[in-house]
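Heads up: the structure comes next, in structure tokens.
The values are calculated or read from the model by the stated rules, or taken from the named source; none is laboratory data. Everything quoted here is computed from the prediction, not taken from an experiment. With ideal geometry, Cβ positions are generated from the backbone for all residues, glycine too; neighbour counts draw on all protein chains shown.
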Amino acid sequence: MKIQLKVNEIDKVFDVEPGEMLADVLNRYKYTVRRGCDTGSCGLCTILLNGKPITSCSYLAVRAGGHSITTIDGVQEKAKEIGEFLVAEGVDQCGYCSPGFVMNVIAMEKELKNPTEEEINHYLVGNLCRCSGYVGHLRALKKYLGVSE
Ligand code: FES
Ligand code: FES
């Protein structure tokens, strides 16, 4: 079946199977979506659906029809900016978790004004990093958001 989507501000029509997950479709059409657990648990495959983060590995593609999607490909400048804060805090180890992390940060920035540390931690709880305990990420993020220590 065919579904219409706006992906990174461009209207698209994709062929999808009824049970196909959105991450599979996006990968098939050459968008960058990293995968880890494929069970909705690690956050690597996070994209934005109408500006809200979802784990695309566990979201049926047909449900996204008619909606607007943002992948990491569509936010390169912002990703670079956030990445520079991570590098400055020395937490860009393998970088595998970074795309999911960046997508969540972009959504959080829009949703929460002057978030507390607890709110930040709560927002990012589904985004796992294999290399660090997230202490450095949190430090970088607070600097990026201008949240005082
Ligand atoms: S790959 Fe989707 S949540 Fe882990
Ligand atoms: S930096 Fe390696 S998984 Fe996060």
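Observations
- Boolean, C42 is buried (at least 16 other Cβ atoms within 10 Å of the Cβ), in contact (Cβ under 8 Å) with a residue 12 or more places away in the chain, assigned by TED's automatic domain parsing to the domain that holds V13 and assigned to a helix (DSSP H, G or I): no
- Pick from segment 101-110, criterion surrounded by 13 or more Cβ atoms within 10 Å (Cβ to Cβ) and more than 12 Å from ligand 2 (Cβ to nearest atom), ranking: nearest to G51 (Cα to Cα): A107
For (1) in a helix (DSSP H, G or I); (2) surrounded by fewer than 20 Cβ atoms within 10 Å (Cβ to Cβ), each residue gets a yes or a no:
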site: V62; (1), (2): yes, yes
site: V87; (1), (2): yes, yes
site: G90; (1), (2): no, yes
site: Q93; (1), (2): no, yes
site: P99; (1), (2): yes, no
site: L128; (1), (2): no, yes
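- The residue of segment 10-28 that is nearest to N50 (Cα to Cα), among those that are part of a helix (DSSP H, G or I) and in contact (Cβ under 8 Å) with a residue 24 or more places away in the chain, is L22.
- In segment 100-126, the residues that are on the phi > 0 side of the Ramachandran plot form no Cβ pair under 9 Å with any partner that is buried (at least 20 other Cβ atoms within 10 Å of the Cβ) and assigned to a loop (DSSP other than H, G, I, E, B), whether six or more places apart or across chains.
- Inclusion of N50 among residues that are of a type outside the set (D, E, K, R), touching a strand residue (DSSP E or B) at 6+ places or on another chain (Cβ under 7 Å) and in the same structural domain as R130 (by TED's automatic domain parsing) is not warranted.
- Matching residues, segment 64-99, being charged (D, E, K, R) and either free of Cβ contacts under 8 Å to residues at least 40 places away in the same chain or touching an Asp or Glu at 6+ places or on another chain (Cβ under 9 Å) (or both): E77, K78, K80, E84, D92
- In segment 45-54, the qualifying residues are those that are outside any loop (DSSP other than H, G, I, E, B) and away from ligand 2 (no atom under 16 Å from the Cβ), and the one that is surrounded by the most Cβ atoms within 10 Å (Cβ to Cβ) is I47.
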